[in-house]
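The values are calculated or read from the model by the stated rules, or taken from the named source; none is laboratory data. Predicted, not measured: the structure shown is a model, and the values here were computed from it. Neighbour counts are summed over all protein chains in view; Cβ atoms, including those assigned to glycine, are modelled from backbone coordinates with ideal geometry.
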Amino acid sequence: MAKNETRRRNIADAGLSVLATDGSRGLTHRAVDTVAGVPVGTTSNYFRSRDALIEGLVERIGERLAPSDDDLARRSSEQPSRELFADYVRDIVRRLTDDRDVTLALFELRLESSRRPELAALLGAWQRAGFDADVAFNTAAGLPGGRREIALFHYAIDGLLLDRLTSPIDPDTSTDEIVDDLVTGLLR
């Protein structure tokens, strides 16, 4: 049976919604079928096992969080600087906070990976590939900071997102202001 890629993406998006609202324990094929509004059994036609579903969700997270070509093109003509780096970081944080379900789903998968070595291997490989791509992009763009600084930004952004998507410790300070402070502090 030929698979409909649009339907597959819609089912994966429903899976991300299930993860975001019900957590990892709520992620079942039947729950995804319900949220996707498809007949019972449809999710298992596209993702044969729970592990295959999770692998598809990780892939979909990457697709949904990727910067748009327009965003990248707009910045590519600018002179590399701390300000441009801050603009890139603000865009990353914006994408992660605007697509709340995806970010919460990613946190859920990361938590589950602490209990499931096979998921830790899958997610870890995906994260390291993304990190390596971030470092390569930063270097190719001539932006300030190297591998160490990019790692520190990943750690800081993960904490910032957890704070902003749950119970912010300082809700009156804008997220952009926090990102600007991080850039200033980490790129001395």
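Okay, here's what the table says:
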| read-out | value |
| --- | --- |
| Residue match in the stretch 30-39 (condition: surrounded by fewer than 14 Cβ atoms within 10 Å (Cβ to Cβ), more than 24 Å from ASP163 (Cα to Cα), small (Gly, Ala, Ser) and not assigned by TED's automatic domain parsing to the domain that holds PHE153) | yes |
| Single unsatisfied condition, GLU149 versus (1) exposed (fewer than 12 other Cβ atoms within 10 Å of the Cβ); (2) acidic (Asp, Glu); (3) closer than 26 Å to THR184 by Cβ | (1) |
| Residue that is farthest from LEU96 (Cα to Cα) [pool: residues in the stretch 1-52 that are of a type in the set (Val, Ile, Thr) and part of a loop (DSSP other than H, G, I, E, B)] | VAL40 |
| Checking ALA133 against (1) surrounded by 14 or more Cβ atoms within 10 Å (Cβ to Cβ); (2) closer than 27 Å to LEU53 by Cα, the condition it does not meet | (1) |
| Those residues of the stretch 93-129 which are surrounded by fewer than 18 Cβ atoms within 10 Å (Cβ to Cβ), aliphatic (A, V, I, L, M) and closer than 26 Å to ALA140 by Cβ, in sequence order | ALA125, ALA129 |
| Residue count, the stretch 63-83 (criterion: exposed (fewer than 14 other Cβ atoms within 10 Å of the Cβ) and either charged (D, E, K, R) or closer than 25 Å to ARG115 by Cα (or both)) | 6 |
| Residues of the stretch 73-110 classified as under 28 Å from ASP22 (Cα atoms) and part of a loop (DSSP other than H, G, I, E, B), total | 1 |
| Pairs, first modelled with pLDDT under 95 in the stretch 141-169, second hydrophobic (A, V, I, L, M, F, W, C) and outside any helix (DSSP H, G or I), C-beta under 6 Å, six or more apart | PRO144/LEU187; GLY145/LEU187 |
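Residue-by-condition table, conditions (1) at positive phi; (2) touching a residue at least 60 places away in the same chain (Cβ under 8 Å); (3) not charged (D, E, K, R):
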site	(1), (2), (3)
HIS29	no, no, yes
VAL32	no, no, yes
TYR46	no, no, yes
ARG60	no, no, no
ALA66	no, no, yes
SER76	no, yes, yes
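A quick yes/no check of all residues on (1) under 13 Å from the mean Cα position of the chain (by Cα); (2) under 22 Å from ARG75 (Cβ atoms):
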residue: LEU106; (1), (2): yes, no
residue: GLU112; (1), (2): no, no
residue: ALA125; (1), (2): no, no
residue: GLY142; (1), (2): no, yes
residue: GLY146; (1), (2): no, yes
residue: GLU149; (1), (2): no, yes
residue: GLY159; (1), (2): no, no
residue: LEU162; (1), (2): yes, no
